[in-house]
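Have a look at the structure below before the remarks.
The values are calculated or read from the model by the stated rules, or taken from the named source; none is laboratory data. Model, not experiment: these values are computed from the prediction. All Cβ positions, glycine included, derive from the backbone under ideal geometry; neighbour counts span all protein chains shown.
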Amino acid sequence: MQPTSLEFAVQPTSGVPIYRQLMDQIRALVASGRLKPGDRLPSVRQMAADLQVNMMTVSKAYAKLESDGLLERERGLGMRVPVGASHEGTATTMAPVGERQQELRPFAEELATRAWQLNLTDDQALAVVRSVLKGRKS
Amino acid sequence: MTDPVISTSHLKKSFGSKTVLQDVDLNVPAGAVVGLVGTNGSGKSTLIKCLLGLLKKTSGSISLFGEDPWNLSASAKSRLGYVPQIVKLYPWMKVKHIVAYTSAYYDAWDPAWAETLLDRWELPRDHRIGPMSPGQLQKLALVLALSYRPELLVLDEPVASLDPVARREFLSSLLEICQHEQHTVLFSTHITSDLERVASHLAILKGGRIVLFDELDAVKDRVKRLRITAANDLPANFAVRGALRSEFSHNRAMVAVGDLDDRLVGELEEKWHADVAVEDLNLEEIFLELHHE
């Protein structure tokens, strides 16, 4: 997958700094194998323009992931997931499903609360989730 | 490291017996986008005017591009853009006239960029300035200040009169400028959500002093709220080091800290046999915590 900025979403008004939000999302994409060795990330400029954030924010996230070894800088081409290097998160060492589900849990809890407030049945709430998931695939 | 673009030390400004700024130390590095926030009357506009040499300081020192702003050279002025809170432009001129007039003062004027900005903010070239609304005037003043891509852009409440659409347009233009060259921006605002997207640094002015100046990310990483649930009731003298604010009753406490370090949580857990939950705070919450009386 060559991800575009559309694969990312940041909440500027969150208490979590934007660069950390980006790092978390890139980590998740790599850990899940969605991003494979050799896949390139959008340029700093592109990402900053699309997400409407400061370029420094994006380059900080990239630089930190680079020093963590999760990304590597390709001269003139930007950032990519390292090829061949066996590190935490490549397809072969993909994080187990259970761990990735655990990551999703807080979002599900939020969803469950809101579904309850709206007095939706489990099936009705799940139908919304399914339709959103389906929308992403097409 | 290059020299800071703006640097003050022990800056003080009084009007008669009323002291508005006190002991202000501020160093703005080149390339920073600094959001200056403070409540009404905290001294934001006065600080900006002192930095630009529009008001004379009472004591202390200020340097702007390494010069004294009160005696700024013409070349320094040409590298500086400023949009005041209340925009005054010649009312008899039309938009196209003020653009042509202003462009003559700046060697670095970029006519194509000026046209792009006029289009983006829907400012018709043939409209006269006199009957324009405050929001339109502010947009026009921003076009004039952005068109020569100044090295330092100083904006006093740039989005105060803008509607949400224009505010977004303004923010993306600001981001666009910051992308191309090493530009430094200082803008005052009390709309913290705008600041969170664009600012690299945060300066909080309170009672005429800079009470906080740091990278925005560092501020969000450090300023946290702790929810403490202790095994037993907390004593009347319960206190947490570095607390900005604390509230407690019985065995529960809520404490905002300005500089969370790894040790603090462990210390609290041990001392009070407590569960400590750390909450992230956004800028608005941080601002409120710092102003809690």
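The table below lists the values:
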quantity: Residues of segment B:8-31 that turn out to be within 14 Å of chain A (Cβ to nearest Cβ) and more than 17 Å from B:Leu52 (Cα to Cα), as a count; calculated: 1
quantity: Cross-chain or 6+ apart pairs with Cβ under 9 Å, segment A:9-35 first and within 14 Å of chain B (Cβ to nearest Cβ) and assigned to a helix (DSSP H, G or I), then surrounded by fewer than 18 Cβ atoms within 10 Å (Cβ to Cβ) and basic (Lys, Arg); calculated: A:Tyr19/A:Lys64; A:Arg20/A:Lys64; A:Met23/A:Lys64
quantity: Qualifying residue in segment B:83-90 (condition: touching a strand residue (DSSP E or B) at 6+ places or on another chain (Cβ under 7 Å) and within 25 Å of A:Asp50 (Cα to Cα)); calculated: no
quantity: Residue satisfying condition, being surrounded by fewer than 23 Cβ atoms within 10 Å (Cβ to Cβ), assigned by TED's automatic domain parsing to the domain that holds B:Lys96, within 14 Å of B:Gly35 (Cα to Cα) and touching a Lys or Arg at 6+ places or on another chain (Cβ under 9 Å), within set B:Leu137, B:Leu123, B:Leu118, B:Leu212; calculated: B:Leu212
quantity: Answer from B:Tyr106, B:Tyr101, B:Tyr90 - the residue that is more than 25 Å from B:Val28 (Cβ to Cβ), in the same structural domain as B:Val34 (by TED's automatic domain parsing) and assigned to a loop (DSSP other than H, G, I, E, B); calculated: B:Tyr90
quantity: Residue list for segment B:20-74, filter: of a type outside the set (Ser, Thr, Tyr) and in a helix (DSSP H, G or I); calculated: B:Lys44, B:Leu47, B:Ile48, B:Lys49, B:Cys50, B:Leu51, B:Pro69, B:Trp70, B:Asn71, B:Ala74
quantity: Matching residues in segment B:11-28 - criterion: being within 26 Å of B:Arg79 (Cβ to Cβ), of a type outside the set (Asp, Glu) and surrounded by fewer than 17 Cβ atoms within 10 Å (Cβ to Cβ); calculated: B:Asn27
quantity: Qualifying helices (runs of 4 or more DSSP H) (wholly inside segment B:207-293; at least 1 residues being among the basic types (Lys, Arg)); calculated: B:216-222, B:262-272
quantity: Considering residues of segment B:190-215 that are over 11 Å from the mean Cα position of the chain (by Cα) and of a type in the set (A, V, I, L, M, F, W, C) only, the residue farthest from the other protein chains (Cβ to nearest Cβ); calculated: B:Ile210
quantity: Any hit, segment B:64-78, residues being in contact (Cβ under 8 Å) with a residue 24 or more places away in the chain, within 28 Å of B:Pro4 (Cβ to Cβ) and touching a Gly at 6+ places or on another chain (Cβ under 9 Å); calculated: yes
quantity: Matching residues, segment B:263-293, being closer than 30 Å to B:Ser193 by Cβ, surrounded by fewer than 15 Cβ atoms within 10 Å (Cβ to Cβ) and more than 12 Å from chain A (Cβ to nearest Cβ); calculated: B:Ala277, B:Leu288, B:His292, B:Glu293
quantity: Pair list, Cβ under 9 Å, 6 or more apart: segment A:105-124 residue at pLDDT 95 or above, other residue assigned to a loop (DSSP other than H, G, I, E, B); calculated: none
quantity: Which listed residue, of A:Asp39, A:Asp24, A:Asp50, is among the acidic types (Asp, Glu) and within 13 Å of the chain's Cα centre (by Cα); calculated: A:Asp24
quantity: Answer residue from segment B:160-189, given it is assigned to a loop (DSSP other than H, G, I, E, B) and crowded, with 18+ Cβ neighbours inside 10 Å and is nearest to the other protein chains (Cβ to nearest Cβ) among those; calculated: B:His183
quantity: Unique match (being polar (S, T, N, Q) and surrounded by 11 or more Cβ atoms within 10 Å (Cβ to Cβ)) among A:Gln117, A:Gln102; calculated: A:Gln102
quantity: Among residues of segment B:216-231, those that are touching a strand residue (DSSP E or B) at 6+ places or on another chain (Cβ under 6 Å) and more than 10 Å from every other protein chain (Cβ to nearest Cβ), counted; calculated: 4
quantity: Hits in segment A:43-76 (condition: away from chain B (no Cβ under 14 Å) and not in a helix (DSSP H, G or I)); calculated: A:Asp68, A:Gly69, A:Leu70, A:Leu71, A:Glu72, A:Arg73, A:Glu74, A:Arg75, A:Gly76
